[in-house]
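Novice: Have a look at this one before I ask anything.
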Amino acid sequence: MAEGDPIEDWAPQGIDVTVPSIARVYDAMLGGKDNFASDRAVAEKIRSVLPISADSAWQHREVLARGVRYLAAQGIDQFLDLGSGLPTVQNTHQVAQADNPAARVVYVDNDPIVLAHGRALLAGDANTAVITADLREPDDVLSRPEVRELIDLDRPLGVLMIGVLHHLGDEEDPAGLVKRYVDAVVPGSHLFITHFKAQPPVTDEMERIFLSMLGTGRFRTLEEISAYFDGLELVEPGVVELPLWRPDEPVEDSPAAENPSRLIAAGVGRKV
Ligand SMILES: C[S@@+](CC[C@H](N)C(=O)[O-])C[C@H]1O[C@@H](n2cnc3c(N)ncnc32)[C@H](O)[C@@H]1O
């Protein structure tokens, strides 16, 4: 830990804070306080290559809220948020429960620091839980007591994979994992994905930084991302760059490579 780092007192035991974590790097990108020097080094490196990446992180949080509101409007009242990250503003349960206080949310993340922070945020909220689990183990995730208690797999579910599939390598078969979750849910369920989008040459350099400093971070093409929705009915406007996914107000698109909206794509599919 860097000298003078003010957060020693909250570092959960057993966590090596000299090794950056995806959740904490993302928190640093969003300007949060739940990160360490090792995480900030990665965030700063990414920003130095591409200053617009911070805007992209915020666009990402905004599309999460728009997507959850869309799902809620379709009658979805239970959500499985896989790779949920550290709590920040407009968390899934807050967006979902703003429309429907009875909405249920289970947050799943494999970084134990998320559990530590999530528990504090969720104290007293009986409709929301956070668990430490690996989304690459769907059977384990779906059989956890918190999931079984809050989520009824016989009713439509909102499955969220927001900013997480790009942290899986091709050899981990992300498409196969998505299918495992889709197979486990009933028709009427929705799959909501956001994913780093390949935009060479800028994202080639970002991918190199992610892989060397964090060990994960794959920028995939729109075609590759769209393939996660195979077998589902893709909701309009399909898999598109973040600001173009059902914006609240008309947006002006710019084809410039420096446009932060080029870095991440979003899509929602419905099981029929
Ligand atoms: C970039 S953050 C995104 C957080 C949140 N979904 C959002 O969009 O604000 C990705 C999160 O996925 C988690 N993660 C990465 N691999 C995972 C895995 N195999 N299982 C569960 N969570 C994972 C990380 O710990 C991190 O918190």
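Novice: For the stretch 145-188, just say rounded, prolate or oblate: build the C-alpha gyration tensor, square-root its eigenvalues into a ≥ b ≥ c, call rounded for a/c under 1.5, and beyond that prolate if a/b exceeds b/c, oblate if not.
Specialist: Judged from the Cα gyration tensor, the stretch 145-188 comes out prolate (a/c at least 1.5, a/b above b/c).
Novice: Which whole-Hz couplings ³J(HN,Hα) result when phi for each residue of the stretch 85-91 is put into the Karplus expression 6.51 cos²θ - 1.76 cosθ + 1.60, θ = phi - 60°, listed in order with x for Gly and Pro?
Specialist: Working through the residues one at a time gives x, 5, x, 9, 8, 6, 6 Hz.
Novice: From largest to smallest, what semi-axes in whole angstrom does the stretch 65-105 give when each is the square root of 5 times an eigenvalue of its alpha carbon gyration tensor?
Specialist: Three semi-axes, in Å: 16, 10, 9.
Novice: For Ile264, Ile22, Ile131, which order do you get if you count the other beta carbons within 10 Å of each Cβ and list the fewest first?
Specialist: Ile131, Ile22, Ile264
Novice: Next question, about the same structure. Suppose every Lys and Arg Cβ carries +1 and every Asp and Glu Cβ carries -1, with no other charges. What dipole size does the chain come out with about its Cα centre, to the nearest 20 debye?
Specialist: That gives a dipole near 340 debye.
Novice: Report, in deg cm²/dmol and to the nearest 500, the calculated mean residue ellipticity at 222 nm for the chain, where each DSSP H run with n ≥ 4 adds -39500 (n - 2.57) and the sum is divided by the residue count. Display every interim value, and only then the final one.
Specialist: Numbers: 10 runs with 101 residues, N = 272.
Only helices count here, giving -11000 deg cm²/dmol.
Novice: Counting only other residues whose beta carbon sits under 12 Å from that of Gly85, what net charge do I get with K and R as +1, D and E as -1?
Specialist: On the way: positive: Arg24, Arg61; negative: Asp27, Asp34, Asp81, Asp109, Asp111.
Overall, the nearby charge balance is -3.
Novice: Tell me, what is the FRET efficiency for Ala41 and Glu171 to the nearest 0.05, using R0 = 45 angstrom and their Cβ-Cβ distance as r?
Specialist: 0.95
Novice: I would also like to ask the following. Provide the three semi-axes, in whole Å and in decreasing order, of the ellipsoid equivalent to the stretch 126-253 as defined by the square roots of 5 times the Cα gyration tensor eigenvalues.
Specialist: So the three semi-axes of the stretch 126-253 are 27, 20, 14 Å.
Novice: Apply the Karplus parameterisation 6.51 cos²θ - 1.76 cosθ + 1.60, with θ equal to phi minus 60°, to every residue of the stretch 18-25 and state each ³J(HN,Hα) to the nearest whole Hz, in sequence, with x for glycine and proline.
Specialist: Values per residue, Gly and Pro as x: 7, 9, x, 10, 4, 4, 6, 5 Hz.
Novice: Now for a separate question. Relative to the present Cα-Cα distance, how much length would full extension add between Val49 and Glu149 at 0.36 nm per residue of separation?
Specialist: Taking 0.36 nm per residue and subtracting the Cα distance, the gain is 31.5 nm.
Novice: Within straight cross-link reach of Lys271, meaning Cα distance under 28 Å, which lysines are found once same-chain residues fewer than 8 apart are removed?
Specialist: Those lysines meeting the cut-off are Lys179, Lys197.
Novice: Taking the Cα atoms of the stretch 53-270, report the difference between the largest and smallest coordinate on each principal axis, in whole Å and largest first.
Specialist: 46, 38, 34
Quick note: the coordinates plus some simple rules give every number you see, no bench work behind them. Being a predicted model, the structure only gives us computed values, none of them experimental. Using ideal geometry, Cβ is built from the backbone for each residue, glycine included, and neighbour counts are taken over all protein chains shown.
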